[in-house]
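Step one of this worksheet: look at the structure below.
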Amino acid sequence: MNLKALSLHNSAVFKPVWAVLLYMGLAITTLHLEVPLLVSIRLELLLFVSALSLTVLQQVLNREETFSFTHSLSIPVFLIGLYALSPLFASVFSGGELLILNDPEYKTLLKILFLGPAIYLVLSKPRYRNLILNSLVLSYSILGVYFLYRYLVLHEAREFDLRPLLNIRHGDPNFLCTFFSMTLPLALLQAWQAFSRHKSTQGVMFLTAALFLGACAIITQSRMGLIALLLGLGVLFCRRITHHPKESRFKLLVAPLVFVSLLFAFLATDVAKRFTEIKDKSNLDRLLTYDNGLKVFSDHPVFGAGMHQAKNFFYQNTNYPHFQSEVRPLEIHNTYLNVLAELGVIGFAAFAGFFIWCFWEISKCAGPVRHYLFASYVVFLVSGFGVGMSYKDLFILHFFVLAAVAKSYRDVLR
């Protein structure tokens, strides 16, 4: 009897890919939160523990790599540790007495930070790459359907401008636009790969998913998110991906479809009005949050004011009258300024390190794939200037997805 065939690490049950896939699906769609039974059994936590423990078990049993300071995960692991500790430092030095440990978003952030290396190790294996990329596109498409249902059927929207505002974990329209937009280039990547392999049916499916994600992004009416999407697509379609004639045919097929679909969605919604009336109350209030962020950072430059604490200084630093407020003080609508204000230069160094590491990993990926990954990178980099996503798990997840996909293609080419 073949003992190797009976070993744990050769059993599908003990491979971490299934747990990673399911956890990512739950984190993206959040559908499990609508089922009380799944919430009561803590399904998300169970999958997190399973994915983490199975990844460690596989690495120990397979002995595929020896971890050292030169390992590809050494830099992100250091950044993970620093960014995970930054809210604790800020809480202690701002007099919060570690109350941050009870913050639900901090717990979610910790889970994705600790699971990041596992996602990287699994996704960077070429044999799993397409499986997880396909699952990622599918999960965001399901989120898109769920978004349209809650917005168009349940009419969940903000009262003062009727923009989508869903009662779910990622319900803010700016968050949703960023997540849909940064996934769109990955859907186009899978479509291009399918057409290149003469799998037209799969190519059409992924192209349809890309168009659907683009339409969902437009329906959110997020100005900065849509600007980021246009920049990302511009970067992609202006680059010569290959010298093969199929590239020109792919662009001739995709570019008009994307343009017409986005133009239709643009004209069929109020998003055109959002851009023509750009000096509205929403943008003026956004500028006030920047002013508040700069003042909070100047008062707490090293460790920051603490996670979710900058908004408490909004009225004080902007002289904004309470009776005109939107019920509560506003968060800083800029991811990078928000990190500086709430986590100081310590937290910002770690956060900026993620961007630098991810960019470096993509830049080392030769071939056409790099342009699609870079387009997705541009989308969520630019989105951060107008949206506060400092602690969003899906934002952090995308660093590891892009870096891992780049590594998987790099290993194949090597």
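The values are calculated or read from the model by the stated rules, or taken from the named source; none is laboratory data. On a predicted model such as this, the values are computed, not experimentally measured, just so you know. Every residue, glycine as well, gets a Cβ built from its backbone with ideal geometry; the counts of neighbours run over all protein chains shown. Just the protein is used for accessible areas: all its heavy atoms, side chains included, with ligands, DNA and RNA removed. Shrake-Rupley method; radii C 1.70, N 1.55, O 1.52, S 1.80 Å.
Tabulated results
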item: Accessible area (Å², 1.4 Å probe, nearest 10) - Leu230; result: 110
item: Trypsin sites (Lys or Arg not before Pro) within the stretch 188-243: DSSP coil, no more than 14 neighbouring Cβ in 10 Å; result: Arg197, Lys199, Arg239, Arg240
item: Cβ crowding within 10 Å averaged over residues, with 48-61, 113-126 ranked highest first; result: 113-126, 48-61
item: Rounded to the nearest 10 Å², the accessible area of Leu73 at probe 1.4 Å; result: 10
item: Members of Lys125/Lys311; Lys311/Lys407; Lys199/Lys392; Lys15/Lys407 lying beyond 30 Å, as alpha-carbon distances in this model show; result: Lys125/Lys311; Lys311/Lys407; Lys199/Lys392
item: Where only alpha carbons of the stretch 353-400 are counted, the Rg and the Dmax (Å); result: 11.1, 33
item: Most to least packed among 310-316, 338-344 [average Cβ atoms within 10 Å]; result: 338-344, 310-316
item: Spacing of the two label points (7 Å from each Cα toward its C-beta) at Lys199 and Leu31, in nm; result: 2.2
item: Where labels lie 7 Å past Cα in the beta-carbon direction, separation of Phe93 and Leu154 in nm; result: 4.1
item: Computed Kirkwood radius, in angstrom, where 1/r is averaged over Cα pairs of the stretch 73-151; result: 15.2
item: Square roots of 5 times each gyration tensor eigenvalue, C-alpha, the stretch 116-239, largest first, Å; result: 27, 16, 14
item: Net length gained if the chain between Asn167 and Leu230 were fully extended (0.36 nm per residue, minus Cα distance); result: 19.9 nm
